[in-house]
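So the structure is just underneath, and the comments pick up after that.
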Number of protein chains: 2
Amino acid sequence: MYESLLSKRSIFAHNSILEEEKVADSIIKKGGKVIEINRGDPAAYFPTPKYTIDAYVKALRTGRTNYSRDSGVIPLVEAITKRYKKKYNVKASIDDVIVTAGVSEALLFINMATINPGDNAIIFKPFYNQYLTQLRLSGGIPEYENYDEKNNWDLNPESIKKTLTRLKSSGKLKRTKYMLITNPNNPTGTVLSRKVLKEIVDLSNEYGVFLISDEIYDEIYYNKASFTSLSQLAKGIPHMVLNGASKDFDATGFRVGYMLLPENDKTSLELKLKFAEMASVRLCVNTPAQYAFAEAISNGKMHEKEIKHMVSEIAKRVNAAVDVLKENEKMAVVRPNGAFYILPKVDFKSLRIKDDHEFVDKFLKEEHVMLSRGSGFGAESHVRVVALPPKDILEYAMDKLNRFCKKYSK
Amino acid sequence: MYESLLSKRSIFAHNSILEEEKVADSIIKKGGKVIEINRGDPAAYFPTPKYTIDAYVKALRTGRTNYSRDSGVIPLVEAITKRYKKKYNVKASIDDVIVTAGVSEALLFINMATINPGDNAIIFKPFYNQYLTQLRLSGGIPEYENYDEKNNWDLNPESIKKTLTRLKSSGKLKRTKYMLITNPNNPTGTVLSRKVLKEIVDLSNEYGVFLISDEIYDEIYYNKASFTSLSQLAKGIPHMVLNGASKDFDATGFRVGYMLLPENDKTSLELKLKFAEMASVRLCVNTPAQYAFAEAISNGKMHEKEIKHMVSEIAKRVNAAVDVLKENEKMAVVRPNGAFYILPKVDFKSLRIKDDHEFVDKFLKEEHVMLSRGSGFGAESHVRVVALPPKDILEYAMDKLNRFCKKYSK
């Protein structure tokens, strides 16, 4: 008769960022309020720009509600290629872009299309949790490199070289399907310098490892950081960039992302043809949202205004939150330069709380603030703060965090 | 250095329905017109109802543009449970529904969550092509049952029993993760009688095989057919229904579907918890489209009016197309009772065309009408017609089909 039907891989289907949502729901049901800083959702705090919504409405009112081109509607694909030409001087054609249901679906396609059980991929700790989940769901094994917390969460090319050498000498490099960087990074807020990025590109080329850069926050950097896209430095080398509407364009709920593979070497060509096939299987991405995103990108004047305002606000909020956390003796915090996350390290040895899991759960139940546990991002002993709420609310939440640590101090 | 990065499974990523799109594009680029009857896209011919679009616009104008609940916004989930209560007398709670990016994503979740490489699932030939693709992408093996063309494409419970017995005696039944029926069926247009459906439910229960019914066309039946939902007959038995906005609600471009698992036996419970976890991994489905679909379902008065009109038009178009095809001596056609597909059998022995693939390709290139090849649906020697265009265009295209067959007659 009926038995458990679950596959072995299904154990990996979990999102640590959302695992406390039910606790939060029960608090809210009892009339409580919860400050939700577990999910990186700018559109929850900054209204999606009106010009983008207008374009969305126009698409709906003009009948853009049926299936669209599987790899993305042409106006969107063209807007994306023009963005990369203008912003990063990248030459790309229509066939170089595959529009996906967020970067989430891009990650699904990447892993489904490349990973055989037992193959590996290089990801960097701390990582956006879904990288590991999607890799594992396809049967892949993570090979880790590390952001260096002591060096402001920067990457160390020498250490990457060691890892690549180790993989090569152990024979594992033959089964390394990609190396995935995130720039700016979630959850550390690291913006890679041009120099470090160049060294990573050179290493990927030297060792023949396909390089992917998730650049979903590529317009969200501050504190004097400057951003370089992988697409600027990897000309002539197989690579792929991931991006989308969610963060820069403040439209998380649209679920529109894309993969860009501007090169035409054998590896890149084979991959983009396969991704297009994967896109055809699920028919298309929400059609009117694609037209809205096309306008969001194309109307540079409006976008400039919106992103400038949002980034300036985010910088203020992130820095204000860091300033409060700097007063916390139980936490060590690196000030981020990009995205909108803060990843303080908690000194659990001096607390009557055993780990980040218990910390997040207790903090939510007692103080009604929802964080994410660091271990979900491969950063045990850390917690992740989404620094998006208005400054006063955020400072209030960070102050709660400080008092919570004092309360549980040994 | 860089080698082929493709996984073994990736060979299955292909959509036969869309494989001629590039040929069609090149015809259109040269100034030609193509009658596209390869994709089942009602919203391309019937404008998505205005009341649904109005709700979509309202969601956009009221800021529903950020991430939503991972398993679906509550108003939509409630609208779905109420639909099943009212229409099929099914008791379902919020946790019984998982909203997905179309049935496509539901199929992904089902296969990822249940299939270990080498596991099998029972699917019925001819099948909607994505069933096989998604099963294969997860490493699964299809076990086929057949619609009987000689018996108006009906299912035969005795034959299903034989298949189940065969699987049981060979030990394969232990690895049978589900049996997937489609009602009304794509591509045969079969609407299962209550009697046959009941026998299938009893067999699934007797052999302990989890039963799934894709009922995406559950309001699109005609020619005196009557429809019974699996959810009406499978009370107390583990089962799942798939459905969505695309067909009944004429909103293919929204990409909103759902899984409904109304039972709380151990198997159903385990599955729906896992599907919810899979939903959490990719964060959410397009948010404003979910609110639009909630209204599309909830406004019963408007929906009744719209679906009545659409189904009456579809019936006319399907029957008109069948009438023309009945005159074709090289084709045998069963008149469908549901959905909007026609699947004529081509007598290739009497044609100077070797198979359905060549037939579809030649017909597109010469006559500028795009069909789908039957072999993509497990129906070699057939072609699939989407009978959605206006009657005169459809009759014109069917007439072309008849003349094309005459032209290539041996």
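Summary of computed values
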item: Residue count, region B:246-255 (criterion: under 19 Å from B:I181 (Cα atoms) and either within 10 Å of chain A (Cβ to nearest Cβ) or open to solvent by 10 Å² or more (accessible area, probe 1.4 Å) (or both)); result: 2
item: Every residue from region A:171-201 that is free of Cβ contacts under 8 Å to residues at least 12 places away in the same chain and open to solvent by less than 70 Å² (accessible area, probe 1.4 Å); result: A:G171
item: Filter pass, A:V99 being closer than 24 Å to B:L60 by Cβ, open to solvent by less than 10 Å² (accessible area, probe 1.4 Å) and more than 7 Å from every other protein chain (Cβ to nearest Cβ); result: yes
item: Restricting region B:256-267 to residues that are at the interface with another protein chain (Cβ under 9 Å from one of its Cβ atoms) and not charged (D, E, K, R), the residue that is surrounded by the most Cβ atoms within 10 Å (Cβ to Cβ); result: B:V256
item: Candidate set: region B:122-158, residues that are more than 12 Å from chain A (Cβ to nearest Cβ), closer than 30 Å to A:N116 by Cβ and not hydrophobic (A, V, I, L, M, F, W, C); chosen: the one most open to solvent (accessible area, probe 1.4 Å); result: B:Y144
item: Residue list for region A:364-381, restricted to those being assigned to a strand (DSSP E or B) and either open to solvent by 10 Å² or more (accessible area, probe 1.4 Å) or touching a Ser or Thr at 6+ places or on another chain (Cβ under 8 Å) (or both); result: A:S372, A:R373
item: Candidates B:I237, B:I216 - the one that is of a type in the set (V, I, T) and either surrounded by fewer than 24 Cβ atoms within 10 Å (Cβ to Cβ) or part of a helix (DSSP H, G or I) (or both); result: B:I237
item: Filtered residues of region A:20-69 (kept if in contact with a helix residue (DSSP H, G or I) (Cβ under 6 Å, 6 or more places away or on another chain) and not in a loop (DSSP other than H, G, I, E, B)); result: A:V23, A:I35, A:A43, A:Y51, A:T52, A:I53, A:A55, A:Y56, A:V57, A:A59, A:L60
item: Tabulated pairs, region A:387-410, first in the same structural domain as A:N319 (by TED's automatic domain parsing), second open to solvent by less than 30 Å² (accessible area, probe 1.4 Å) and of a type in the set (D, E), C-beta under 8 angstrom, 6+ apart or interchain; result: A:L388/A:D41
item: Residue within region B:106-121 that is crowded, with 24+ Cβ neighbours inside 10 Å, within 20 Å of B:S372 (Cβ to Cβ) and modelled with pLDDT of 95 or more present; result: yes
item: Of all residues in region A:363-385 being free of Cβ contacts under 8 Å to residues at least 40 places away in the same chain and of a type in the set (D, E, K, R), the one that is nearest to A:P142 (Cα to Cα); result: A:E380
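Residue-by-condition table, conditions (1) free of Cβ contacts under 8 Å to residues at least 40 places away in the same chain; (2) more than 8 Å from chain A (Cβ to nearest Cβ); (3) more than 29 Å from A:A59 (Cβ to Cβ):
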| position | (1), (2), (3) |
| --- | --- |
| B:F12 | no, yes, yes |
| B:G31 | yes, yes, no |
| B:N38 | no, yes, no |
| B:A44 | no, no, no |
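The values are calculated or read from the model by the stated rules, or taken from the named source; none is laboratory data. Bear in mind that the values here come from a model prediction, so they are computed numbers and not experimental data. Positions of Cβ are generated from backbone atoms using ideal geometry, with glycine treated the same way; all protein chains shown enter the neighbour counts. The accessibility values were calculated without ligands, DNA or RNA, using every heavy atom of the protein model including side chains. Shrake-Rupley method; radii C 1.70, N 1.55, O 1.52, S 1.80 Å.
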